[in-house]
Amino acid sequence: MSRFLINTLLSHCHDPGNLINTLRWQSTSLPDIDKIEALTTLIQELSTKSHSAREERFICEVQSVIWDQCMPLLKMISGEDDGGKDLLSAVCGLFAACVSVCQTDVHEQVCQILLPVLMMRDDGSHETSRFDMDVAIEATAVLLSSISYNRYIISKTLSCTLGCIKDLSDSKVSKIIVRIWFTILKSCSKAEESETLHQIWEDLMAWHQRDRTESVTAQVLLCLTALSDHLCSLESDSSCNRPEPTRSQWFFRAIQAGLTHRDSVTRKRALYLLTRCVALADARREDVGTCQTLSTEEILFKWTSEKKQLLREFWEDYALVLETLEENQIHVIRPVLNRIDMLVETTSTDVEDGLFSPSWLLCIYQRMFYSENKAVMKEGVNHLLELKALHHPGFALAFSQFIVGPLTDVLAESSLYHRSPQQNIRDCPELGKKLQTFMVNFFNSLPEENKGSVLLQFIQRLGSRHWCAVPLLFLSQALSCLSLRPLLNSDGLRAFREVLRCAMITHQVLLRGASQCFLLHAALSLTDVSAVSLNEVLSFLVCFRAEESLSRGTTVWMELCGWLRMNENHFRLTDGDSRSSEELHDKTSNSNRASVFSHVQQRLKTFLTVPASSDQTGSVPDPSEAELLARAVLLSADLQQSKAEPNEIAGLEQLLQPLLDVLHRLGTNVYLLQHKTDKSLQLLLRLLQLRGRAEDPEKEDAVAVALKTQVLSAVESVQGFLLRRLSGELREFCDVERAELYLSVLRELVLTYASVSWYGSNLRQNYIPKLTTNCIKILNEPSHQKPFVSGQVQRVVSMATLALLCDIADGGVWNSRSEATRSLHSLTDYFYPSSSSLQHLNQTLLKPTAASDPSDSPVLKDWGRIVAQFIRDQWMCLSFLQKSFPAGHQQAPEVLRAAVEALALLPGHLVLPVLDYMMTVLPQVAQSDGSLCVDAICASWNVVQALSTNPHDFWSTLQGFVRLAFNRELLQLTEELNPQITACIQQIVNELMDLAQVRSGVFNVLVQHCCDMWLPSGAEKGVQTDVVFSSALSHLNILTEACVYGPVFRRDQRLIQEVQSYVEQLGDSCAANTAINSDNRDDQFPRMCVLDFLCRLNPSNQLHQRVMQELVQRLLKKDAEISKSKVRYYSNSIQHRVKNRVWQTLLLLLPKLRAEFVSEFVLSHVCEAGFFSNQASVKYLIEWTLILILHQYPSHIHSLWDCFCLDHEKTKTSICAFLSVLVHLNILLPKLDEKQVHWRRAMEVILQWCFSHNFSVRLYALLALKRVWELKDANVLSEENLGGLSTVVQACLNQAEAMQNTGNAMKNWTRIQEHFFFGVFHPIRDYSVETIFETFPRLSELAEDEWLPVWKFESFGNFPSCASLPLKNPVMDLSEHQPGDWIQQDKGEMEPEERWAEVQKKITPWKLSVQEQEPELMAQQRAARLGKLTSALLVVASLIDKPTNLGGLCRTCEIFGAKALVLDSLRHVNDKQFQALSVSSELWLPLLEVKPAELSDFLQLKKSEGYWVIGVEQTSNSQNLQDYTFPERSLLLLGNEREGIPANLLQLVDVCVEIPQQGITRSLNVHVSAALLVWEYTRQHLGPSTGS
């Protein structure tokens, strides 16, 4: 309602109160907006008039409107889902008019209602009883803007909002800042504004001091950015208590936290605030230093007028670097890295003045470390590791916490350790080398007093997280490179133990062992022996695994002995060492320091001293103490040997005497304490295991021989004790674990002393038979319905003992005819009784009951595991019996069914004995019951698959399964004889191949087994070997897949393979290579294995020849399928690699193939393959194969000429392959009969292709012409018979030489002549395994993981080679040649340019901003605040529908300052493809939505506003862009990508402009076209100074 109508009503109404009441509404209903606006206008008019008599009544009426209309309505609006923006705006207008009339008490009452709403958490509920937070913010802003300054209300509001922003989202905080804080600041005087800012500032800084989390940092910086215009004002009044950001330490700490924040918007806000502060300090021209809260606290920001130029340049570079890092593209970032060098140099040279804190540099590095782009992350790490400024002690110390923290964290990223392209697979990765150098230089540069503490922190940091194998390996290696110096005490050893704990959880055994070796070397080099005790050292050594690193006889063991010898008598004493030193004063050289010998002797005595009151029925003692002492004894013995005469072991007998005393009494003293016997046996077991067992007993070292000799005297006593205990004395549940100890000791004694004649004889004749008889007797005892613990434990122990004896006998320790073996044969009666029932197969044990142990006792809860081991032991015995005394064919099916049942009963890690048994019995059942065999194979395969995630048990189970399913007898079955089994095996092969794609090493097991079975190395020739080999014909698919095997690994898998190769090449210097057996899980192993197999085939053997021929046929078929498929064929793709492997294998087999097969089958397929489009490496191999065939069989030269006679359209550029063969005509011509005829034929063919339209074909032909023409001097053709040919040839060659004036053509002509295939390569001389599998792939620039280097063939064993195909090249010319393609681009050197020129400068450094400095501003307002210039150009893209075109167009329009971009729908803005091209430009460019149907009206409207509508279209009357002058008010109408501008819209266009073109294609991409026109408009209207 207009004011005129209101005034008219008021003039006729004597009581305005009635009029107000008339316009009011029910508090429970929603009024019309017009009614609210009318009431608002009425109150505004009444408030301006003087009504002194009615003033009090008027105020009461207004207050009633507030409480009865405004407040209830505000609550109702908050309940509306759509927000009711128009209604909210209307009621806020009414609310503002009312509160401006009311008194202060009303204002305070309203505040008490609104402010508590801000403190509530926004839980998403919309209760009608309370305000919505957005409404409360708006109402509070209206209240503050409508009243005069009220200190109480302002203070109350600030306190409330400062408290609530800590829990609100960014959008809510932005609204509070813009609507409430800005309103307060605008209503204040200068002094009041300063006071308000100070209150906000103090609260924000205190909040960040208390809580420095990322969320708090983001919120604080959001608030500070919004207030930046107030905080960074140039006005400075010392009388006002105004915050000074440039002088606040905590402000810059918040900025540094923001610069390294994970969120990009927060980083931009922090950089914006930093640049504002720098600009402020520069503008004020005063010296600035931050306030120091502590005297030792580092000053983060300084400014002095004397060095303002240096400071300005530093901060400009700093801002540029950080802004460039936001791009996350390495090609953009790499040029700016030299700026970091300048920053570092400036900071390091200014150490004395301290103008630049090194902490600012750390922000740059940390920002790079947090980058999403791994390449940027790697650049940052490499740059920091190469930082020469860290050689300065002050700088090194300033960076130390950053090195310990963020750098160590980022080094956990495995992808950083990939080798560089210039490195070989076995080289140490570039980062690994840099880490070693960095670690040495950094710790050498630290001040002496700080080295130990920083090193300890670094090691503790390593132990505080879980590590992948590769990063931990190279960090450990870098630590091991530190120079020898005493820096660490016992805390250091504890920190190393934590790092070792992290190392043990990695799955890669070799890398785990190597890390242990490096860590041990580092610990020995860095430990201060005077600050640690021998007890701590020995406890530390227990953490190293003997089977992975600290194995006796390895380099690291020798190093440890040397370290102990050098530092003996220098270790810190403990109480026990003091007593020992006093007792052995005459035997030690220094009574106040501990010697190794005395310490070990005393500790051994203490270990074997067990109080008589100790528990005799307890569990087995912890074996860790025995492990420690066993290593200590062996170390002490080796230490003593190094001091004594050769072959003299000083003190070992004295050292072992306490142990031997206990062992001697085991067999006679039945009252010996059980814990004492357990401990002595634990120690004996580890001594025998750790001593190191040599393959040849005569080569054992003196310590091992002396240990064996000393223990031999007590062997009879120990074995007597074991016989007694294992024969029925073990009756408690805890004795099951004790039996495992006893059996382990028995195994070690048998394996160690079986070669001793008297011991072995007694063992075979007496001991084993007696033990076997006792165990079988226990097993044959009738079981009770309610079994007791004692009886069940006796049965478990007896079965475990028999399983051990069978396992030892299976290993061939004694003769199969010995008394021991015959005694074990009695087990046959137990498992295969005379009755038909096999009751003891899969026999389980009922859970025992006992009064002392109820059924739910924790002691018996593990009974299931014991029963599973009991069943496993049964099958170990059965497997031995089946191999030694096979069961009858009648019982075999029943036993096999029991085996399948056992697979279902047993956990996966216990099934290996069952698989071993099934391997021997399956061939017997295959002929009679094929379905049962299939069930057995499938059940076994299911077990293997279930274990695929368990690396500890998977590999042994897989090997057992392969021996079972690919048994030689089963593989000999043909599809006609048993289709079920053959189909099952084929299915298993396919599934194995699938598993091999995700688990490296799976296929290796199958291929190695099959190759060894079909063609055993060293096997004698005969009918039997041919029968076995014939099964290869039925399973050629395995050989075929092996020939082309080697998937393109995932990048992380390839990294593991490469690092393992690096560790392996370290050899014996890394003890892990000695301690750990190679597992052959390299993905190149299957190819190596099958190549070895193929090289050992005999060409004269018809069966071998047949296998080779069928294999070649399969390989060529696979190659043709790939060539004919429609799959894109990229370089180094899996298709490329498979084809390359096919032709490599064919080259290997070529000398072995029969001539008839080569001429009738191979030659035609080789020629056919040459016509396909092949990658360079495959092309070279095909050409080489064709040359070798024609050289070997020159009568087939016509096949080559036929290739040139095909339709030219079909050949195209593939004719280059055959021209390449003619380049080597000098190899073929000497073996041809009619040399002149073939030479002339070659010349005719070549000359024909010298005039091809294709440059590459022409280049190949000219090279062939040059090489073949050179042969005319070799008595091929007389000069008079050349005729006119000489003139033509000479003209062509002159054309080739004249290429020097045609740019790249001459370079290509030179390079193709220098190419290895046409230069140093000789097809006959260089025919070797090395050339095929290493040199050619390298020179063809095939990925390095595809090379098979010679050292792999040499390490494979006795790889067969012959005169026709040697392993290595006879000359090194080709091997020394470097790869080089004859098609290259020119690479000019960059000219030195001015300061900013080499940087891709995305922004102007001093106009940095944030995404939303004031969140409510529109795009043009945000742009205007940055001083951005805009034009009057409108770009209409409503006809375009592709998001990529629209995104790029948006970016172009924003960059060139268009007024607005018109789209058919604003939904495009949220499209990911749009955003990928627009890169946030939509935030700074106004976007309008006009539907295509509304476009005609829109254009007419704009024409009425003076716009000139310009169509971007090719028409008969269109003007050339070069000649057209754009009006200032131009509207560009862009057409659809496919249909252009519709005819109905062309009628509204004032002019059409087209882009001049020279090419055949008559259309440009719509975005490109628009960009050209937008730029031309900008060039014409903005001028050179602005446009630049």
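The values are calculated or read from the model by the stated rules, or taken from the named source; none is laboratory data. A quick note: this is a predicted structure, and the numbers were derived from the prediction, not measured. Positions of Cβ are backbone-derived with ideal geometry, glycine not excepted, and every protein chain shown enters the neighbour counts. These area figures cover heavy atoms from the full protein model, side chains too; ligands, DNA and RNA do not enter into them. Shrake-Rupley method; radii C 1.70, N 1.55, O 1.52, S 1.80 Å.
Brief remarks follow.
- Modelled FRET efficiency - R0 30 Å, THR844 with ARG817, Cβ distances, 0.05 increments: 0.30
- Shape analysis of segment 221-282 based on the Cα gyration tensor places the equivalent ellipsoid semi-axes at 22, 11, 10 Å, largest first.
- Two-decimal Rg/Rh across segment 1157-1253, once Rg and the Kirkwood Rh are taken from alpha-carbon atoms: 0.93
- The residue among SER1361, GLN1065, VAL1221 whose Cα reaches farthest toward the positive pole of the charge dipole of the chain, with charges on the beta-carbon of Lys, Arg, Asp and Glu, is SER1361.
- When both bridge partners sit in the chain, DSSP labels roughly 20% of those beta bridges antiparallel.
- Extension gain, GLN1248-SER148: 0.36 nm per intervening residue step, less the Cα-Cα distance, totals 386.2 nm.
- Rounded FRET efficiency, nearest 0.05, which uses the C-beta distance separating ASP1068 from SER1173 and R0 of 45 Å: 0.40
- Estimated FRET transfer efficiency when R0 is 25 angstrom, pair VAL1371-ASN424 (beta carbons, to 0.05): 0.70
- Given charges at Cβ of Lys, Arg, Asp, Glu: the chain dipole, positive-most of ASN1308, ASN1445, LEU1200: LEU1200
- Relative to the current alpha-carbon distance between SER29 and LYS1491, full extension at 0.36 nm per residue lengthens the span by 522.6 nm.
- Here each label is just a point 7 Å from Cα along the line to Cβ, and for GLN1378 and GLN654 those points are 6.6 nm apart.
- In this rough spin-label picture, where each label sits 7 Å from Cα along the Cβ direction, the ASN1226-HIS952 distance is 6.6 nm.
- Nearest-ten-degree value, helix 951-965 long axis tilted from longest Cα axis of the chain: 50 degrees
- GluC sites (Glu not before Pro) within segment 141-248, DSSP loop, no more than 15 other Cβ atoms inside 10 Å: GLU235
- One decimal place: the segment SER169-ASN21 gains 49.2 nm when fully extended, by the rule 0.36 nm per residue minus the C-alpha distance.
- Between the residues VAL1158, CYS1095, HIS1191, the greatest Cα displacement towards the positive end of the dipole of segment 1059-1193, with unit charges on the Cβ of Lys, Arg, Asp and Glu, is found for VAL1158.
- Within segment 1446-1464, backbone nitrogen closer than 14 Å to the virtual label 7 Å beyond the Cα of ARG1579 toward Cβ: none
- The lysines within cross-link reach of LYS605, meaning a Cα-to-Cα straight distance under 28 Å and a gap of 8 or more places when in the same chain, are LYS587, LYS643, LYS676, LYS679, LYS708.
- Charge dipole (debye, nearest 20) of the chain; +1 at Cβ of Lys and Arg, -1 at Cβ of Asp and Glu: 1680 debye
- Radius 11 Å from Cβ of TRP303, net charge of other residues (Lys, Arg +1; Asp, Glu -1): +3
- Calculated accessible area for the chain comes out at 44 Å² per residue, all protein chains present (probe 1.4 Å; ligands, DNA, RNA ignored).
- Seen against the Cα atoms of the chain and their longest principal axis, helix 702-712 is set at about 60 degrees.
- With Cα atoms, 0 to 90° folded angle of helix 1495-1504 axis to the chain main axis: 40 degrees
- For segment 1463-1588, the calculated P(r) over all alpha carbon pairs, in 10 Å bins from 0 to the bin holding the longest distance, is 10, 38, 38, 13, 0 percent.
- Once the Cα gyration tensor of segment 361-408 is diagonalised, semi-axes √(5λ) in Å: 20, 11, 8
- Pairs from the table (LYS172/LYS268; LYS378/LYS1307; LYS1459/LYS1503) lying more than 25 angstrom apart at Cα are LYS378/LYS1307.
- Cross-link pairs exceeding 28 Å in C-alpha to C-alpha distance, out of LYS434/LYS1139; LYS1118/LYS1152; LYS35/LYS75, comprise LYS434/LYS1139.
- In nm, spacing of pseudo-spin labels at ARG1325 and GLU976 (7 Å Cα→C-beta vector): 5.4 nm
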